[in-house]
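These notes concern the structure reproduced below.
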Amino acid sequence: MKEKVEKVISEKIRPGLQADGGDIELIDVSEDGVVKVKLQGACSGCPMAGMTLQFGVEKALREAIPGFKELINVK
C-alpha cells in the first residue's frame, strides 16, 4: 500500500501543492490503512491546510487506494 500512496502523492497531490509554494511528506503508512503525512512550506501554516488535507489529499487517496482508512497530519 505504501507504494500506491507514494504514487498518488507524487503524481496527483504534490504538483498542486508545490505550485502554491508548499509540499507534502509521507511519514508512514500502516497495515490497517492509516496514512500519516506532514505538510511543508507554505502549506504548513496555511489556514486552508485542513481543507487541503480533507478535500484534496484524503479524497485522492480514497479514490485511488482500496483499504485506505484515515489520513493524519503530523505537525
Residue by residue through segment 1-25, note down the ones that are aliphatic (A, V, I, L, M) and surrounded by fewer than 17 Cβ atoms within 10 Å (Cβ to Cβ). Met1, Ala19
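Can you find, within segment 29-50, the residue that is farthest from Ile72 (Cα to Cα) among those that are open to solvent by less than 70 Å² (accessible area, probe 1.4 Å) and of a type outside the set (Gly, Ala, Ser)?
Taking the candidates together, the pick is Cys46.
The values are calculated or read from the model by the stated rules, or taken from the named source; none is laboratory data. Keep in mind the model is a prediction, meaning the values are calculated, not measured. Note: ideal-geometry Cβ built from the backbone for every residue, glycine included; neighbour counts use all protein chains shown. We work out accessible area using only protein heavy atoms, side chains counted, and drop any ligands, DNA or RNA first. Shrake-Rupley method; radii C 1.70, N 1.55, O 1.52, S 1.80 Å.
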